[in-house]
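Please read the structure below before turning to the comments.
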Amino acid sequence: MGYFALDGRNLTPVETERYNRLTHELIAPCCWREPIAIHRSSEALHMLDEVEKLVAEGQSEEEIKNIYVARYGPRILADPPGILKYWLYLIPFSSFSWFVVAALFRLRSLVARTTTMHSSAPPELLAQVRRETENLF
């Protein structure tokens, strides 16, 4: 058994398409960062051969995914099933939204505090500061 995918078997174009889809949907279990189609660890290369063999045997994409989910858990899938995939998109978006709202409230409070500080100064002092700053520019 070699470690180079599609080297010994003749897959049909449909099988090759399924193989390519699957190898981009399964994450390399050695580091959990890249799909096995990209990652080049020995474990990922072994999985490439195994997926190729399973596709050649006629197993469906779901059957092949289920084999790896049973072996490694749902973390093996690049796009987790069910509601988990929505959380992957919802958490960063909601975190960013909360950050923007907090930044706007902080900015608003700084502006209000600055306005309050300037409005309590005597008008003569404010006029003097304006004259001096106009001369600077």
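The numbers here are math on the coordinates, done by the rules we state, and not lab data. Quantities reported herein were computed from a predicted structural model and do not represent experimental measurements. Positions of Cβ are generated from backbone atoms using ideal geometry, with glycine treated the same way; all protein chains shown enter the neighbour counts.
Here are the numbers for the structure shown:
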{"quantity": "Sorted by Cβ neighbour density within 10 Å, fewest at the top, the residues Ile83, Ile76", "calculated": "Ile83, Ile76"}
{"quantity": "Cβ-based exposure ranking for Leu104, Leu48, Leu77, in which fewest neighbours within 10 Å come first", "calculated": "Leu104, Leu77, Leu48"}
{"quantity": "C-alpha long axis of helix 123-136 to longest principal axis of the chain, angle in °", "calculated": "60"}
{"quantity": "Exposure proxy ranking, count of Cβ atoms within 10 Å, fewest first, for Lys53, Lys65", "calculated": "Lys53, Lys65"}
{"quantity": "GNM top mover of Pro92, Pro74, Pro122 - the chain, alpha-carbon springs below 10 Å", "calculated": "Pro122"}
{"quantity": "Degrees between helix 13-25 axis and first principal axis of the chain (Cα, 0 to 90, nearest 10)", "calculated": "40"}
{"quantity": "Residues with amide H under 5 Å from that of Leu77, placed H, sequence gap 5 or more", "calculated": "Ile27"}
{"quantity": "Globularity index of the chain, i.e. its alpha-carbon radius of gyration over 2.2 N^0.38 Å", "calculated": "2.07"}
{"quantity": "Percentage, to the nearest whole number, of Cα pairs in region 13-76 over 20 Å apart", "calculated": "16"}
{"quantity": "Gaussian network model of the chain, springs between alpha carbon atoms under 10 Å - residue of Arg108, Arg71, Arg33 with greatest fluctuation", "calculated": "Arg108"}
